[in-house]
Each structure stands twice: as C-alpha cells, then as structure tokens.
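The values are calculated or read from the model by the stated rules, or taken from the named source; none is laboratory data. Fair warning: this is a prediction, and the values are worked out from it, not measured in the lab. Backbone-built Cβ (ideal geometry, glycine too); neighbour counts: all protein chains shown. Calculation scope for accessible area: heavy atoms of the full protein, side chains included, ligands and nucleic acids excluded. Shrake-Rupley method; radii C 1.70, N 1.55, O 1.52, S 1.80 Å.
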Amino acid sequence: MKTVLFSLLAIGTLALTSCKENKEQKSTTETSMQHDMSTMSDSAAMGNMAMDAKVTVTTAKKTTADLTELYSHYTHLTFALSGDDDKEAVSAAKGILASFPKINKNGFSAEQKKEYAELESSIKEHAQHIADNAGNIDHQREHLDLMSADFYDLLKDFGTPKPVYKVFCPMYNDNKGAFWLSDSREVKNPYYGKEMLSCGEVQEEIK
C-alpha cells in the first residue's frame, strides 16, 4: 500500500513540475514574441518616418518664382505663330506684358534681382515689338526667336512650373537655326507655321 502511495505522490510531483516548466516556457515564448513584435513595430515606424521625410523633402522643393501665368502666355504666343495667326500673337504678347507685375519677387537675393530685372526688361521689349506688329508676322517671329533665349534663361534660373522642352528648328534664319520652348514633345513650328509645321527636334527637357 505504501508503495502505491509513493508512486502516486511521485507522479503528482512530476505532473506539477512539468506543468510549471510548461508555464515558464510559455511565458518565455510570449515575452520573446512580444519583444520581436515590438522590434518589428519600431522598425516599421522608423521606416514610415523615413518615407515621410522623403516625401516632405520632395514636396518642399519649390521654384524660386511662380512663372506659371507668364509662361502660359509665352506658349499661347508660340501656338498663335505656329497657326500663322499674327493677331492672336498680339494678344499673347500683351498677356506677357500684363503678367510681369503679378510675379512675386520677395526673397530674391541682390544678384537674383539684377538678373531677373535684365531678363524682364528684354522680354518686355520683344513682347512690345510683337504686340505692335499685327500684320507683320515675320517681324513677330524674329522677336520670338530673341525672346525664347530670354525665357530659356528665366526658366533655367528661376524654375519652371512644369516640364518644358527646348525644340530646335535648324532651317530658320538662313539655316542658322532657332529654338522655342514647349509643354509637349510634339513639334509645332512657330517660325514657319503651316509651311513646315513639323520641322524641328527636341534638344533638351527642363524640369
């Protein structure tokens, strides 16, 4: 009888010990899993923070001056001349002249103000020639050629509201060539209009 009791006590002790060990093992496993989940959560949070920082930097990258309206009148001018419409070219040139007073130049450095003033003065001069020469589309096109060089410098130095393409016509001005700026890669030549509308090639993309 004693032998049977000792056997039952031994079995009970082993069962309790095993149960305790299982609980301890389970507790250790749960703690380890919680630690791993916490580590993964921290890593994910850091990754999200890094992504947010990257997006913020991209979003914060702005142009020095808002040239959206000014440039829209320039493209209006090129479209008018590509359609051989000298009167519409006059309207576009007047739009260019009216846009300059609206541009906010606050924050420009002294050097930027000087450079901007020179480009503004030159563009205004060419725009005025175009506005004053309805009926003389050849003269308007000559001043578009000169104005386009100024617009190119303006967008390169002060920012562009959208991707802009520099398109080159090799035949204009006695094969000396001339370029214009466009929102599209599609060639619509303002120097020859319908006579040679597709003459030209994209040389550069400005962003």
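Take each peptide in 87-96, 179-188, count the other Cβ atoms within 10 Å of every residue, and average; sorted highest first, the result is 87-96, 179-188. Converting the Cα gyration tensor eigenvalues of segment 64-117 into ellipsoid dimensions via √(5λ) gives semi-axes, longest first, of 27, 9, 9 Å. Beyond 15 Å, the tail of the calculated P(r) for segment 99-160 holds 54 percent of the Cα pairs. Measuring nothing but protein heavy atoms, the accessible surface of segment 120-186 at 1.4 Å probe radius is 42 percent carbon and sulfur. Based on alpha-carbon atoms, the Kirkwood radius and the radius of gyration of segment 55-207 give Rg/Rh equal to 0.98. Taking the solvent-accessible surface of protein heavy atoms with a 1.4 Å probe, what is the per residue accessible area of segment 82-207 in Å²? Roughly 52 Å² per residue, with all protein chains present. Extension gain, PHE79 to LYS176, is 32.7 nm, computed as 0.36 nm per intervening residue step minus the present C-alpha separation. Normalised by residue count, segment 145-207 yields a Cα convex hull volume of 74 Å³ per residue.
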